[in-house]
Amino acid sequence: MSNENLKTVLQEKRTFQPQDHFQKNAKIQSMEAYKEKYRESIENPEEFWANAASELHFFKKWDRVLNAENPPFYRWFEGGKTNICYNCIDRHLDSATRNKAAIIWEGEPGDEVVLTYADLARKVNQLANGLKKLGVQKGDRIAIYLPMIPELAISVLACARIGAVHSVIFAGFSADSISDRINDCQAKITITSDGVWRKGKKLLLKNIVDEAVKKCPSIEKNIVVKRSHKDHFECAMDENKDIWYHDLIENCSLSCPAEEMDSEDMLFLLYTSGTTGKPKGIIHTTAGYMLYSYYTSKYVFDLQPEDVYWCTADIGWITGHSYIVYGPLANGATCLMYEGAPNAPHKGRFWEIVEKYRVNIFYTAPTAIRTFMKWGEDWVNKYDISSLRLLGTVGEPINPEAWMWYHKVIGKERCPIVDTWWQTETGGMMITPIPGCTTTKPGSATFPFFGIDATILDKDGNEQDTGFLAVRKPWPGMLRGVYGDEERFKNTYWSQWENIYFPGDGARRDEDGYFWILGRVDDVVNVSGHRIGTAELESIFVSHASVAESAVIGIDHEIKGQAMVAFVSLREGNEGSDSLIEELTQLVIEKIGKFAIPERIIFTADLPKTRSGKIMRRLLRDIAEGRAVGNVTTLADAGVIDALKEKYQED
Ligand code: PRX
């Protein structure tokens, strides 16, 4: 969290109690009820999770809820057989939910698709059969590089149906990032589209995949969705390797039995940035993830049968996996899915959509809220958004000012706000209010979810008010590993303390026990809720022939939360220039994608280092943020996160 925000958070005293109109129909209506359920979940986790899992369909019941014999390799629901696609679709087909909208989709140009659960079943089954026709088998990896169109959700579900492991790659990543991810997991198939609309412009995704798969010998086929209907996206098709999605599914049967998966069979991989150069493939498995995404959606969104629920994330990130596809559909909810940008074609687009579909639950990122603040209330007030009953945020700390704006301008002081802290690795929400019972404080993620034994520790494992966030008990949605790198899994998450999960965030607990998440303590920067490893960028810069060394840091940014500033020192005989900045920027676009471009690139003769040769990032942050350069910080002031970072990085 930025220093400015941190200051306001440390002074924040306002509280907001659940209001009667929400509380009276809520699933959990009092703090006593939350506390009782929380106590059960911590004292008897196996019984608690077994009861929760009995709400879902298992082809064969598990023999054991939790196997904790070999930490950190925890196993949940061993011996059980289930299928998450079956639970998201088939489980609803014998009830009235069958003909309820599962996905309401709106394209950026305004085209619409509504799929009921029965429609979704047909489409998913057809594609599942199409994948089988291509020889896809249980356990095969499939890379999905699609925009926010219904086929993205359908593809994810079709993979899950036949037990293929999906690896969704956000459609803003470059060809190089795609090939890295494909090669890491040896994916066999890609699913992409000819293109996508982005702010009225055509983006030719298939061309990017073509470029990527030149370096991916494991790829056998590319399946291509025709996103363009009337308009033409230029797209070359190789007759041996490329196949149109609509041709593939033509004549495929509408019925494909769901594969009976072992509880711990791999469900998906999702790559995320860490402190070292290479993104890691986070592994999630079947039953535990299914239960956790289902259960958190149910209680944190307080899903009611008639709700229209909208999460504005992209399915390319974990938020979209857990809270556009799996969690809400496992609950039989109606999910809205929007293809485009919030300002296409105008800045009121989101509120226009809320009005049009009478959205009840809205889940977005603080960076989006700050952008709406900048655009001004008039854009919101043009529309009737009175259908909203619950608001949520995710992805980065929310500053109290943005929280208050959300509360007043969007929530009309009527809607509870759930500020949900979690990560790609956690599978689902970990620290979050439960609307209807939790009194909220602007900027605080409040209390742990059921079964989450969260605390704050120092490096040595002693409990503190301010320090490193830690999770002491395993939970069903937890990551099961880093693909192909057991050591990295152990080192990154489990080496700080014994058998305690280390998320990499700093946190503070106030006198009422509320958790306040302060931000990353490692070298991961959170730009607009996108996690970027500074080491990833640094290695890109030093790959340029003119660059000797580079240090990338995160600094406060009014809208994005954090922005990156790159300090670059050049090799002898080179000079910093605008054209070199341009070259370095292009390199970032090529290697990662536009969203990873640093805010500024600063050429410097030298980087400040300690005697042992470590780059003093805090000094660079002071310089970049225009502060007096100093090194006196105490835990109680706004330098707390810097101080935590230093502690974390101490040898
Ligand atoms: O630093 C925390 C921040 O986002 C990180 C996880 O990023 P990612 O794996 O991309 O997942 C984002 C969506 C779940 C965390 O380590 N973060 C996420 N939510 C919050 C947050 N920081 C503060 N408050 C939150 N509500």
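The values are calculated or read from the model by the stated rules, or taken from the named source; none is laboratory data. Computed from a prediction, not measured in an experiment: that's the story for all the values here. Note that we place each Cβ from the backbone using ideal geometry, even for glycine, and neighbour counts take in every protein chain shown. Calculation scope for accessible area: heavy atoms of the full protein, side chains included, ligands and nucleic acids excluded. Shrake-Rupley method; radii C 1.70, N 1.55, O 1.52, S 1.80 Å.
Between SER387 and GLN11, the FRET efficiency estimated from the beta carbon spacing at R0 = 41 angstrom works out to 0.75.
If you average 1/r over every pair of different alpha-carbon atoms in region 166-278 and take one over that average, what Kirkwood value in Å do you get?
Details: mean 1/r = 0.0633 Å⁻¹.
Here the Kirkwood hydrodynamic radius works out to 15.8 Å.
Taking the Kirkwood radius as Rh and the Cα radius of gyration as Rg, region 14-507 has a ratio of Rg/Rh equal to 0.94.
Among 10-17, 78-85, 558-565, 144-151, what's the highest-first ranking by average C-beta atoms within 10 angstrom per residue? Display every interim value, and only then the final one.
Numbers: 10-17: 13.2, 78-85: 22.8, 558-565: 21.2, 144-151: 25.0.
Final packing ranking: 144-151, 78-85, 558-565, 10-17.
A rounded overall shape is assigned to region 231-366, the ratio a/c of its alpha-carbon gyration tensor axes (a ≥ b ≥ c) being less than 1.5. By the equivalent-ellipsoid construction on the alpha carbon gyration tensor, region 377-482 comes out with semi-axes of 31, 15, 12 Å, ordered largest to smallest.
The alpha-carbon positions of region 117-224 define a convex hull whose volume is 87 Å³ per residue. Phi angles of region 348-354 translate, via the Karplus equation with coefficients 6.51, -1.76, 1.60 and θ = phi - 60°, into HN-Hα couplings of x, 3, 4, 6, 4, 5, 4 Hz per residue; Gly and Pro are given as x. In this calculation the C-beta distance from ILE589 to ASP458 is compared with R0 = 56 Å, giving a FRET efficiency of 0.90. Here's the list of aspartates and glutamates a cross-link from LYS199 could span, going by alpha-carbon distance under 12 Å and ignoring same-chain residues fewer than 8 apart: GLU108, GLU339. Using C-alpha pairs under 8 Å with a sequence gap of at least 6, the mean separation divided by the residue count of region 14-507 gives a relative contact order of 17 percent.
A cut-off of 5 Å between modelled amide H atoms, ignoring neighbours fewer than 5 places along the same chain, links ARG141 with VAL165, LYS188. The modelled label-to-label distance between GLN304 and ASP94, using points 7 Å beyond Cα along the C-beta direction, is 2.8 nm.
Computed over region 17-150, the alpha-carbon pair-distance distribution with 5 angstrom bins reads 2, 7, 10, 12, 14, 15, 16, 12, 8, 3, 1, 0, each value a whole percent.
Calculated on the Cα set of region 347-431, radius of gyration then Dmax: 12.7, 39 Å. Length, then width, then depth: along the principal axes, the Cα atoms of region 298-413 run 36, 28, 28 Å.
Full-extension gain between ALA605 and GLN649, please, as 0.36 nm times their residue separation minus the C-alpha to C-alpha distance.
On the way: separation 44, 0.36 × 44 = 15.84 nm, distance 2.46 nm.
Result for the pair: 13.4 nm of gain on full extension.
The HN-Hα couplings worked out from phi for region 248-261 by the Karplus form 6.51 cos²θ - 1.76 cosθ + 1.60 (θ = phi - 60°) are 4, 8, 4, 6, 7, 5, 7, 10, 9, x, 6, 4, 7, 8 Hz, whole numbers, x standing for Gly and Pro.
If the chain linking HIS57 and ARG472 were pulled fully straight, counting 0.36 nm for each residue of separation and taking away their Cα-Cα distance, it would gain 146.5 nm. Ligands, DNA and RNA left out, the 1.4 Å accessible surface of region 523-650 is 50% carbon and sulfur atoms. Annotation: amide H of VAL527 within the under-5 Å range of ILE532, sequence separation 5 or more or interchain, hydrogens built in the peptide plane.
Roll a 1.4 angstrom probe over the protein heavy atoms and tell me the percent of accessible area of region 14-507 that is carbon or sulfur. Please report the intermediate quantities before stating the final value.
Details: 7810 of 16960 Å².
Accessible surface attributable to carbon and sulfur in region 14-507 totals 46 percent.
Bridging of LYS441 to lysines at a Cα separation below 17 Å is possible for LYS7, LYS13, LYS408, LYS412, once same-chain residues fewer than 8 apart are set aside.
For the ranges 417-430, 542-555, 443-456, what's the packing order if you count other beta-carbon atoms within 10 Å of each residue, average per peptide, and put the highest first?
Working: 417-430: 25.6, 542-555: 19.1, 443-456: 22.5.
Ranked by mean Cβ neighbours within 10 Å, highest first: 417-430, 443-456, 542-555.
Centre-to-centre, using Cα atoms only, region 400-464 and region 539-571 are separated by 31 Å.
Calculate, for the chain, the solvent-accessible area per residue in square angstrom, rolling a 1.4 angstrom probe over the heavy atoms of the protein chains.
Details: 24400 Å² over 651 residues.
Value returned for the chain: 37 Å² of accessible area per residue.
Amide H contacts for TRP497 (H built 1.01 Å from N in the peptide plane; partners 5 or more residues away or on another chain; cut-off under 5 Å): none found.
Relative contact order of region 523-650, please, whole-number percent, based on alpha carbon pairs below 8 angstrom and at least 6 residues apart. Display every interim value, and only then the final one.
Details: 175 pairs, mean separation 24.8, N = 128.
Contact order relative to length: 19 percent.
Note on region 523-650: Kirkwood radius taken over Cα pairs, Stokes-Einstein applied at 20 °C and 1.002 mPa s, translational D equal to 140 µm² s⁻¹.
So if we plug the beta-carbon distance of GLU43 and ASP510 into 1/(1 + (r/R0)^6) with R0 = 30 Å, what FRET efficiency do we get, rounded to 0.05? Mind dumping the intermediate values first?
Details: r = 25 Å, r/R0 = 0.83.
Once rounded, the FRET efficiency stands at 0.75.
Partner lysines whose Cα lies under 22 Å from the Cα of LYS241, excluding those fewer than 8 positions away in the same chain, are identified as LYS132, LYS133, LYS138, LYS188, LYS206, LYS214, LYS215, LYS221, LYS226. Quick one: what does P(r) look like for region 93-153 with 10 Å bins over all Cα pairs, in whole %? Bin by bin from 0 Å, the calculated values are 19, 41, 32, 9.
Computed from backbone phi, the HN-Hα couplings of region 462-469 come to 8, 5, 9, 7, 10, x, 9, 5 Hz, rounded to whole numbers (Karplus: 6.51 cos²θ - 1.76 cosθ + 1.60, θ = phi - 60°; Gly and Pro given as x).
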